[in-house]
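Let me begin by presenting the structure, written as structure tokens, before commenting on it.
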Amino acid sequence: MLASSRPAHARSRSPRSAAAALCLLGLAAACSTFDWGPGPAEQPPVRQFLPKPPAAAELPPFTPPPVARDEVVDDYHGTKVADPYRWLEDQDGERTKAFVQAQNAQSRAWLDELPEREAIRERLEELWNFPRTSAPERFGNRWFWSHNDGLQNQGVWLVGDAPDAAGDVVLDPNTWSSDGTVALAGFSPSHDGRFVAYAVAESGSDWQQWRVFDAATKQPLPDVLHWAKFTSARWSHDGRGFFYQRFPAPRDGEVFQAANQNPQLCFHVLGTEQSADVVVYERPDQPNWLFGAEVSDDGRFLVLTLRSGSSTTTRLAYADLQQDGWPVQPLCMKGDGHWSFVGNRGDTFWLRTDKDAPNGRLLALDRTQPDAEPTVVIAERRNALQTVRRIGGRFVCTWLVDAAHEATVHGDDGAEGGRIELPGLGSIRSVLGKEGDPHAYLTFESFLHAPTVLRHDLAASATTTFRASTLQADTSPYVTERKFFLAKDGTRLCLFVTHKKDLLCDATHPTYLYGYGGFDQSLTPAFSVPNLAFVERGGVYAHAILRGGGEYGEAWHQAGMRDKKQNVFDDFVACADYLLRNRYTSPTRLAIGGRSNGGLLVGAVMTQHPERFAAAIPEVGVLDMLRFHRFTIGRAWVPEYGCSDEPEQFAWLYAYSPLHRVVAGTKYPATLVMTGDHDDRVLPGHSYKFAAALQAAQGGSAPILLRIDTATGHGAGKPVQKLIDEAADRWAFLAAALGG
């Protein structure tokens, strides 16, 4: 899904996978068969919390605007469920527009009066103002990379004749709008680097408009493609055109909330109208399938990845581009695991899969004999194999080791030929390079290490820093610790805790516990300017590794989905208990946060355990679990969550659906619900309804605010200035709610 404006927040099995845009257990017995690494998990010490925890902060009063309630009741398999705020699902309705205006006015006035907000915003702007550059990638004789001077709302793309060239700007999205809300959503050069297809997204929408320019002259071509979503552009090697996924055009008035089904994989020939595009593949019998495409490095094959919504189960098919009509042939179509294409040598296809190997392995398969037993190239290990890239005649692999990355290089026979030295405990965000390249370029980051591009010489097995970010802050006074402890059911959990080195564990520190826990997304260490600003002010940032993610392979994921979703919430509470038990903080100084599926996490935990937290910040959350599948790409999440249309699955969802667990008279923590008015990933109506329900039910004095960002969506492409304003509101709110 549910992707994260990254943070932070999501990983796909391949960093180039368009399916990653979707994204937005009962494991105790299964886990016992794994070697979980050095040292036992911590057992809860026999001791009490501090006898006199810090008093709760006194917050300014907040009076929410009145919200109308309609008499709407649904019958779910014999259970009557009221939905008084159903009208807020009408995103463009006049009542909804008035609601948004009133909520924003009240919340804005309250937030602007917070005494520390302006100082926080100024410091965020100082910290954000540092140059950052992506890893370069070669196409033909041209190299492309992105760069941001610091406070540019959008990064610009450059081209050079070498990876270390100064480069010339070829695309600057900052010229597209005055406020930066028209963003670049995709950038795909042709095989020879002559042309570049790029996607434009407005106001944070998932909808993309694809255009093309000539990289040598920087002049635009007339091609314009509409109604593309969750796709990349993959060029044929002759440069005639590219493959992409498009959806049927939505009806007027439903652009931001209509269900997205029945896509087509198309081929666009340069210089032609979109109406002439060839439909390469479609499945009207499977309206929720999504199509990804790759062109093999030798240019001969088109490899299709077929996925049912957000399901981790994928199927592979291919077309021989040397054959007339490009007939699509099955490759791995049994739906028996996750399959991804790595590369090929002639008819031998290298595939990463978790079939019969929950942690993943690399296989070789003869495409002319798809039913034959494949050859194991890299066997399953105790750590999850996250990605495999074919670069310079070798396989470059990234592995998840207790939610952080390691990288190895392997020969054709799978034998390990060395490890890539990383700067520390952190994450590899991208691995770039082609079959004929002598180097692999990796982007590394951690909680205290801004993104850095590494260059690995494959022949010499040597790694050097290629481009380092020049952060305008000293991170040496801070430290990240990786802690292990047991969940409610005995499962070993992992938690990253970042704070000042000289922190005294006296239960007084403002602490922000962040989580996700779903869709097989791995929440590995991520650099975040807002989180650094929070730690600078004496806060403790805690980064929870929860079941439902992909940090420990597919078994870990399945242990936190569908009927086992409660495990994720229990794991999050266990992380909170660890912080309390070890006196990092107290209930009056502890806040929880999460985005998208993480917003669901926060909504569920704060309604199940409102007394445990001083504040909660659910952002762009999936909060109505009975109706999420009716809007935008929501039906794609049914494989992860289940669906209320089915009686058994309704029972799972109704038991924890945040909107339906709000109880009148309950003392809820101070809550800042955040969303964007153009979010067409998770309908903003989720946040509207949840905030209205909380405001009506609040039995305590803590404020319940709804912050609705305008001209933004789920998070992707959000301009830097809006990110700074958003973070300033978040931390000013917590400074007030946590008393520091």
Note down the Stokes-Einstein diffusion coefficient of region 448-574 in µm²/s, whole number, using a Kirkwood radius over alpha carbon pairs, 20 °C, and 1.002 mPa s.
129 µm²/s
In the structure shown, do any of K229/K565; K501/K718; K500/K718; K80/K689; K564/K667 have a Cα-Cα gap over 21 Å, and if so which?
K229/K565; K501/K718; K500/K718; K564/K667
If Lys and Arg each add +1 and Asp and Glu each add -1, what is the summed charge of the other residues whose beta carbon sits under 15 Å from the beta carbon of G700?
0
Write down the percent of antiparallel bridges among all DSSP beta bridges whose residues are both part of region 492-594, to the nearest 5.
40 percent
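Counting pairs of Cα atoms in region 532-646, how many percent are more than 18 Å apart?
Numbers: 3578 of 6555 pairs.
Counting pairs separated by more than 18 Å, the tail of P(r) holds 55 percent.
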What the 10 Å binned alpha carbon P(r) of region 41-190 shows, as percent of pairs per bin from 0, is 8, 17, 17, 19, 22, 14, 2
Where the Cα pairs of region 676-740 fall when distances are cut into 5 Å bins, in %:
4, 15, 21, 21, 21, 13, 5, 1
Output the Kirkwood hydrodynamic radius of region 598-648, Cα pairs only, in Å rounded to one decimal.
12.1 Å
Averaged across orientations, what area in nm² does the convex hull of the alpha carbons in region 389-506 project?
9.8 nm²
Counting other Cβ atoms within 10 Å, which trypsin sites (Lys or Arg not before Pro) in region 65-152 have at most 15 and lie in a DSSP loop?
R69
Quote the accessible area belonging to W326 in square angstrom, nearest 10, computed with a 1.4 Å probe and with ligands, DNA and RNA left uncounted.
50 Å²
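Can you give the calculated 222 nm mean residue ellipticity of the chain, where each DSSP H run of n ≥ 4 adds -39,500 (n - 2.57) and the sum is split over every residue, rounded to the nearest 500 deg cm²/dmol?
Working: 11 runs with 122 residues, N = 740.
The per-residue figure over the chain is -5000 deg cm²/dmol.
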Quick one: accessible surface of V663, probe radius 1.4 Å, all protein chains present, in square angstrom to the nearest 10.
80 Å²
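Restricting to bridges with both residues inside the chain, how much of the DSSP beta-bridge set is antiparallel, in percent to the nearest 5?
Roughly 85 percent of the beta bridges in the chain run antiparallel, per DSSP.
When every alpha-carbon pair in region 241-393 is counted, what percent end up more than 23 Å apart?
So the pairs more than 23 Å apart make up 43 percent of the total in region 241-393.
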Would you kindly derive the ³J(HN,Hα) couplings of region 342-354 from the backbone phi angles with the Karplus curve 6.51 cos²θ - 1.76 cosθ + 1.60 (θ = phi - 60°), listing them in order in whole Hz, with x for Gly and Pro?
9, x, 8, 10, x, 7, 8, 9, 9, 10, 8, 8, 10
Taking Rh as the Kirkwood radius, which is the inverse of the mean 1/r over Cα pairs, what is the Rg/Rh value for region 618-723?
1.00
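From the P(r) of the chain, could you give the percentage of C-alpha pairs in the tail past 40 Å? Could you put the intermediate results ahead of the total?
Details: 79527 of 273430 pairs.
Percentage above 40 Å: 29.
Using a/c under 1.5 as the rounded threshold, could you call region 247-333 rounded, prolate or oblate? The axes a ≥ b ≥ c are square roots of the C-alpha gyration tensor eigenvalues, and prolate needs a/b larger than b/c, oblate otherwise.
Values: a/c = 2.44, a/b = 1.30, b/c = 1.87.
It comes out oblate by the Cα gyration axes.
Can you pull out the trypsin sites (Lys or Arg not before Pro) in region 624-703 whose DSSP state is coil and whose Cβ has at most 13 other Cβ atoms within 10 Å?
Details: sites: R627, R630, R635, R661, K667, R681, K689; in loops: R627, K667, R681.
Filter output for region 624-703: K667.
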Measure off, as a whole percent, the carbon and sulfur share of the 1.4 Å-probe accessible area of the chain, all protein chains present.
49 percent
Applying the Karplus parametrisation 6.51 cos²θ - 1.76 cosθ + 1.60 with θ = phi - 60° to the phi angles of region 472-480, what ³J(HN,Hα) value in whole Hz is obtained for each residue in order, glycine and proline being reported as x?
8, 6, 9, 9, 5, x, 10, 9, 10
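With N set to the number of residues, divide the alpha-carbon radius of gyration of region 475-520 by 2.2 N^0.38 Å and report two decimals. Walk me through the intermediate numbers first.
Working: Rg = 13.3 Å, N = 46, 2.2 N^0.38 = 9.4 Å.
So region 475-520 has a normalised radius of gyration of 1.41.
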Whole-number accessible area per residue in Å² for region 588-740, which is evaluated in the context of all protein chains at 1.4 Å
21 Å²
Accessible area per residue in Å² at 1.4 Å probe, computed on region 90-139:
51 Å²
If all Cα-Cα distances of region 132-178 are sorted into 10 Å bins from 0 onward, what percent lands in each bin, rounded to whole numbers?
29, 53, 17, 1
Base-10 log of normalised Debye intensity for region 188-280 (one unit scatterer per alpha-carbon) at q = 0.11, 0.17, 0.19, 0.24 Å⁻¹
-0.31, -0.72, -0.87, -1.28
Shape metrics for region 616-674, restricted to C-alpha atoms - Rg then Dmax, Å:
12.8, 35
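The values are calculated or read from the model by the stated rules, or taken from the named source; none is laboratory data. Note that this is a predicted model, so its numbers are computed, not measured. For neighbour counting, all protein chains shown are included, and Cβ atoms are generated from backbone atoms with ideal geometry for every residue, glycine included. Please note that ligands, DNA and RNA were not included when accessible areas were found on the heavy atoms of the full protein model with its side chains. Shrake-Rupley method; radii C 1.70, N 1.55, O 1.52, S 1.80 Å.
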